[in-house]
Amino acid sequence: MSMNMIEKILAKASGKDSVSPGDVVVANVDTQILHDLSGYITANVFEREVKRKMKYPDRTALVFDHHFSPPTEDRAKVLERSREFVKTHGCRLYDCGSGNIHHVAVRRGMVRPGTVVVGSDSHTPVHGTLGCFAAGLGNNSHAATVMPFGKAWFMVPNTIKVEMSGKLKHGVFPRDAALWLTGQIGEGGAVYKALHFTGPFIQELEVWDRWLFPLITIDIGGKCSFIDPDEKTIKFVKEITGQSFDVFTSDPDSVYEDVWKYDVSDLEPQVAASPTLGNLQPVNGGFAGKPIQWAELGGHGGGRIEDFREAAKILKGRKIAKGVKFNAVPSSREIFSQALDEGLVKIFFDAGATWFPPSAGSNQAINMGAMTENEAMISA
C-alpha cells in the first residue's frame, strides 16, 4: 500500500503496517515541547488530576520564550511554578533568554526526521520541515496521555500536495512567498488537512527558508505540514544532533485529496494587516506610505541569521526613522552569537535598533512594551 511520509510515520509509531486517511491511531510520541504560557496549566492538570509519574521526562521540554521578562509578580510565579515542576519530574528546562520554543527544540536536537513531535504552541507543525509528523495538542491531552504514557491519538488527515515552482524576483524573499500562499489558500482553507510542500521552488531552498512554509499551517487551519527529507535535511539534522535516525519519504504514487500548484515568479513583496492574515496585499497595493511607530525582526518565523543579514545590508551606515522604534529579537542564543561574530549586532545598534533576549519577541505584547490603539507595527 502506498503512503506519504506522515502516514508512514504514524503507522510505525502506532505499530501498524499501514494507515489511511480517517483512521484513528494511538501513536508513540518522541518529543513534547511546551512553552511558558501553557506549560504550567498542563503541569497543574497532570499533578492534580492525572497523578501519575511522567513516563519519559527526557522527551519533554519547557521553553520560557513568551514571558521571558515577567511584567508582573503573577507572571513570575507562573515561571517559578514551572521550574518546580521540571525539578520534580526531571524533564528539560530552557529558561528565559534561551530563544523561541521551536528554534530551541531544533537546536537542542529534540526534532529529528521520522519522529512524532507534539507541542502546546499552535505553530508546532513547523517541525514538519525536518521530515517528522508534528502537531499541536491541547493542554489536557499533554497532561492525560503524553506525560503519563508517552502517547497521543490522532485521526490520520487527508493530504493536499502543494507544488511550488518559479524563481523570486530581486527584493522578494521566501517569507513573501509563504505569506502570499496563506492568502491564496485562505484562512480555514485547509482545515485538518496535511500539506505536503514540494516542487522545484521548495527543493532549492535551504532548510531555514523551507521552515517558513510549514509555519503557516495554523493560519490556514491545517493539522500538519511536511517536506520530504532530502540530503539538505539529513545534513542539517546530523550536524546538530550527531545522531542516526529513520528517514521516511512519500511514495511516488501517494494518493492526495487534491494538488494545488503555485508559481512565485511574479510575486511582489507582501504585507498582511489587521484584523487577520487574510487582509493581504502587495506592499504597493495600499500599505506603502502608511506610518508606523514600531518595527520588529523576530518571532517564530523571524530572528534567523538570514533575516539579520538582509536587514543589515539596508541599515549599514543609516539611522532608523525618527519616531520609529526597531526591536531585534534573535530566535536563539546561537543566532545572537553568530550575529555578534558577523558584526551585525553593531550595525543594528549604530542604526538605533534595540536588541532583546532570544525569545518569541512581542508575541504577547507585554515583555517588550505594549502598544496603544493608535500605534502600528511592522513585523516579521
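The values are calculated or read from the model by the stated rules, or taken from the named source; none is laboratory data. Bear in mind the structure is a predicted one, so any value in this text is a computation, not a measurement. A quick note on method: Cβ atoms are made from the backbone with ideal geometry, for glycine too, and the neighbour counts reach across all protein chains shown.
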Next on the checklist: With the requirement that a residue be free of Cβ contacts under 8 Å to residues at least 60 places away in the same chain and over 21 Å from GLY150 (Cα atoms), what does region 1-17 give you?
Outcome noted: MET1
Next on the checklist: Can you find, within region 74-104, the residue that is farthest from GLY303 (Cα to Cα) among those that are aliphatic (A, V, I, L, M) and in contact with a Leu (Cβ under 6 Å, 6 or more places away or on another chain)?
Outcome noted: VAL86
Checklist entry - Which condition breaks for LEU340 when tested against (1) surrounded by 14 or more Cβ atoms within 10 Å (Cβ to Cβ); (2) in contact with a helix residue (DSSP H, G or I) (Cβ under 9 Å, 6 or more places away or on another chain); (3) within 20 Å of VAL104 (Cα to Cα)? => result (1)
Next on the checklist: Condition (residue is closer than 23 Å to VAL118 by Cβ, buried (at least 16 other Cβ atoms within 10 Å of the Cβ) and among the acidic types (Asp, Glu)) applied to region 246-266: is it met by at least one residue?
Outcome noted: no
Checklist entry - Of the conditions (1) under 30 Å from GLY222 (Cβ atoms); (2) without any contact (Cβ under 8 Å) to a residue 24 or more places away in the chain, THR72 fails just one. Which one is it? => result (1)
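With touching a residue at least 24 places away in the same chain (Cβ under 8 Å), over 30 Å from ASN4 (Cβ atoms) and aliphatic (A, V, I, L, M) as the only criterion, which of ALA105, ALA143 stands out?
Numbers: ALA105 fails: over 30 Å from ASN4 (Cβ atoms).
That would be ALA143, the only listed residue that is touching a residue at least 24 places away in the same chain (Cβ under 8 Å), over 30 Å from ASN4 (Cβ atoms) and aliphatic (A, V, I, L, M).
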Checklist entry - Of everything in region 243-284 that's assigned to a strand (DSSP E or B) and among the charged types (D, E, K, R), which residue is farthest from GLY128 (Cα to Cα)? => result ASP263
Checklist outcome for this item: Listed by first then second residue, the pairs whose first member lies in region 238-262 and is touching a residue at least 24 places away in the same chain (Cβ under 8 Å), whose partner is hydroxyl-bearing (Ser, Thr, Tyr) and loosely packed, with under 15 Cβ neighbours inside 10 Å, with beta carbons under 7 Å and at least 6 positions apart or on separate chains, are ASP251/SER2; ASP253/SER2; SER254/SER2; VAL255/SER2
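Residues are listed down the side, and each one gets a yes or a no for (1) buried (at least 22 other Cβ atoms within 10 Å of the Cβ); (2) under 22 Å from PRO229 (Cβ atoms); (3) aromatic (Phe, Trp, Tyr); (4) in the same structural domain as ARG108 (by TED's automatic domain parsing):
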residue	(1), (2), (3), (4)
SER14	no, yes, no, yes
PRO21	no, yes, no, yes
VAL26	no, no, no, yes
GLU47	no, no, no, yes
THR60	yes, no, no, yes
HIS67	yes, no, no, yes
Next on the checklist: Quick check on region 194-204. Is at least one of its residues among the hydrophobic types (A, V, I, L, M, F, W, C) and either assigned to a loop (DSSP other than H, G, I, E, B) or surrounded by fewer than 16 Cβ atoms within 10 Å (Cβ to Cβ) (or both)?
Outcome noted: no
Item to check | Filter result (closer than 19 Å to TYR256 by Cα and among the polar types (S, T, N, Q)) within region 185-222 | outcome: THR198, THR217
Item to check | Any hit, region 65-78, residues being of a type in the set (A, V, I, L, M, F, W, C), under 30 Å from LYS12 (Cβ atoms) and either in a loop (DSSP other than H, G, I, E, B) or touching an Asp or Glu at 6+ places or on another chain (Cβ under 7 Å) (or both) | outcome: no
